[in-house]
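Inspection log for the structure reproduced underneath, given as structure tokens.
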Amino acid sequence: MKFEKAPAELVEFISEKMKNIESECRQMFGYPAYFIHGNMFAGLFGDRLLLRLPDSDTENALKNNKGVKLFEPMPGRVMKGYISLPKAVYSDTKEFDKLLDKSVKYVSSMPPKKPKAKRGFQMTRG
């Protein structure tokens, strides 16, 4: 499955928003994604911006913001806890900053994610 490139202005927008947030930027699905203690809290997917929120905030964001959806990287494959924001929502500075703040606080409260064990063939001598 080939994914569309994120618009340059969206990449610039999220990069600018993350300057004051202590986080790590990595690639997820080939797009920039931001992590706190190994837990993803924000990222891009095509022309949409993703945020991780607790269930109650997810429900409120879906109900109160037109175009917000549960994040599905592939149809029928919902990533629990993540919402997908259209430009109309992330362009609303007040609303987006409120949602981003909730995401940062939520993910910051999670325990650090342990790194996955490296996979591959291990040779032992005996």
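May I ask you to list the residues in segment 79-100 that are basic (Lys, Arg) and either farther than 21 Å from PHE35 by Cα or touching a residue at least 60 places away in the same chain (Cβ under 8 Å) (or both)?
Keep residues of segment 79-100 that are basic (Lys, Arg), which gives 80, 87, 94, 98.
If the condition is that a residue be basic (Lys, Arg) and either farther than 21 Å from PHE35 by Cα or touching a residue at least 60 places away in the same chain (Cβ under 8 Å) (or both), then LYS87, LYS94 are the ones that fit.
Which condition number does ILE36 fail, the rest of (1) more than 23 Å from LYS114 (Cβ to Cβ); (2) surrounded by 20 or more Cβ atoms within 10 Å (Cβ to Cβ); (3) among the aliphatic types (A, V, I, L, M); (4) over 10 Å from the mean Cα position of the chain (by Cα) being met?
So ILE36 meets the others, but not (1).
Scan segment 68-92 for residues that are exposed (fewer than 13 other Cβ atoms within 10 Å of the Cβ) and part of a loop (DSSP other than H, G, I, E, B) and report the count.
Narrowing segment 68-92 to residues exposed (fewer than 13 other Cβ atoms within 10 Å of the Cβ): 74-77, 80, 88, 91.
Applying the additional criterion that residues be part of a loop (DSSP other than H, G, I, E, B) yields 75-76, 80, 91.
Qualifying residue count for the region: 4.
What's the total number of residues in segment 20-67 that are assigned to a loop (DSSP other than H, G, I, E, B) and under 24 Å from PRO111 (Cα atoms)?
We begin by selecting, within segment 20-67, every residue assigned to a loop (DSSP other than H, G, I, E, B); these are 20-23, 29-30, 37-38, 46-47, 53-54, 65-67.
Checking the rest, the ones that are also under 24 Å from PRO111 (Cα atoms) come to 20-23, 29, 37-38, 53-54.
Total satisfying the criteria: 9.
I want to confirm something. Restricting to segment 41-67 and keeping residues that are in contact with a Ser or Thr (Cβ under 7 Å, 6 or more places away or on another chain) and at pLDDT 95 or above, which single residue is surrounded by the most Cβ atoms within 10 Å (Cβ to Cβ)?
Out of the qualifying residues, it is LEU51.
The values are calculated or read from the model by the stated rules, or taken from the named source; none is laboratory data. On a predicted model such as this, the values are computed, not experimentally measured, just so you know. Cβ sites come from the backbone with ideal geometry, for glycine too, and all protein chains shown count toward neighbours.
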